[in-house]
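Participant: Sharing a structure with you now.
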Amino acid sequence: MFFTNLLEANLKVKHIAKNIFYYTATNSTSDDIWELYNKESISKALVITDNQQQGRGRLNNKWFSKPSHSITCSFLLNQIFKADKLNLHSILIPVIIIKGIRKFLSLELSIKWPNDIMYKNKKLGGVLIESKLNNNSYIFNIGIGINVNEHLLDFPLELQASSISLREISGTPIQREPLLGYILNELDSYINNKDEDALVHDWMNFCMHINKPIEFKNQDTTVNGIFKF
């Protein structure tokens with residue numbers, strides 16, 4: 001079970017996660033948070049669950065999470081960059097996840113563009129960002145999935161070669177509540193002291209394929225090239 005009181009004890013935030021909603025099970029925290037926003041106008045909500053049954057990633061891919069082992073949550077974030085720099089929101093979130101985990105566990109992680117958190121070429125977590133325009137400003141629905149306490153055999157067979165958890169890396173169980181607190185505190189601190197140049201610098205340091213060959217899907221077409229930023 002995820003203990004919200006322990007999360008709250010580790011939170012030092014003003015701009016996000018002021019209203020915390022915990023569900024033992026749900027289909028999608030991203031859907032839940034939009035419902036809270038649309039029906040109750042809650043703009044600083046965090047939804048977290050121990051059992052996300054239909055979690056999704058980019059391009060409608062399904063996100064695997066073992067009940068009570070991972071961090072699966074969504075939270076709302078008001079627009080913090082100007083309209084011509086909206087894309088900075090998508091690089092901010094993986095950066096703050098890595099910095100939060102590093103402060104909590106002293107691990108060196110990397111980013112696989114556009115939204116994967118990696119450890120030595122294995123996927124540790126992912127980010128899904130959705131947005132809505134409200135009164136000439138965007139509100140972002142930030143979905144985060146992080147493999148925390150899974151063992152290798154907890155992953156489906158087809159994911160075992162490409163996935164990893166913090167427990168597998170560190171060799172010890174991890175408390176999810178303070179870890180999420182560290183990540184959210186990192187984001188709130190950035191909002192307080194916004195530095196776009198430092199953000200871009202951090203992202204480039206964490207990105208695992210600057211100036212390297214990449215391949216990605218554009219609708220039904222496979223595109224190959226060299227990653228430049």
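The values are calculated or read from the model by the stated rules, or taken from the named source; none is laboratory data. Computed from a prediction, not measured in an experiment: that's the story for all the values here. Don't worry about glycine lacking a Cβ; one is built from the backbone with ideal geometry, like all the others, and counts go over all protein chains shown. Only protein heavy atoms, including side chains, enter the accessible area calculation; ligands, DNA and RNA are left aside. Shrake-Rupley method; radii C 1.70, N 1.55, O 1.52, S 1.80 Å.
Participant: Any residue in the stretch 51-73 that is assigned to a helix (DSSP H, G or I) and under 20 Å from Glu177 (Cα atoms)?
Facilitator: No, the stretch 51-73 has no match at all.
Participant: For Ser68, state whether it is closer than 23 Å to Val148 by Cβ, among the hydroxyl-bearing types (Ser, Thr, Tyr) and surrounded by fewer than 24 Cβ atoms within 10 Å (Cβ to Cβ).
Facilitator: When the stated conditions are applied, Ser68 passes them.
Participant: Every residue in the stretch 16-49 that is in contact (Cβ under 8 Å) with a residue 40 or more places away in the chain, closer than 10 Å to Leu76 by Cα and in a loop (DSSP other than H, G, I, E, B), please.
Facilitator: Ile16, Ala17, Ser43 - these are the residues of the stretch 16-49 that are in contact (Cβ under 8 Å) with a residue 40 or more places away in the chain, closer than 10 Å to Leu76 by Cα and in a loop (DSSP other than H, G, I, E, B).
Participant: Of the conditions (1) of a type in the set (Val, Ile, Thr); (2) touching a Gly at 6+ places or on another chain (Cβ under 7 Å); (3) in a helix (DSSP H, G or I), Ile101 clears all except one; give me its number.
Facilitator: Ile101 satisfies every listed condition except (2).
Residue by residue, here is whether (1) open to solvent by 60 Å² or more (accessible area, probe 1.4 Å); (2) among the small types (Gly, Ala, Ser); (3) within 16 Å of the chain's Cα centre (by Cα) holds:
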residue	(1), (2), (3)
Ile97	no, no, yes
Ser110	no, yes, yes
Asp116	no, no, yes
Asn134	yes, no, no
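Participant: Still on this structure, please answer the following. Specify which of the listed residues (Glu158, Glu215, Glu186, Glu177) is outside any strand (DSSP E or B), of a type in the set (Asp, Glu) and open to solvent by 80 Å² or more (accessible area, probe 1.4 Å).
Facilitator: When all the criteria are applied, what remains is Glu158.
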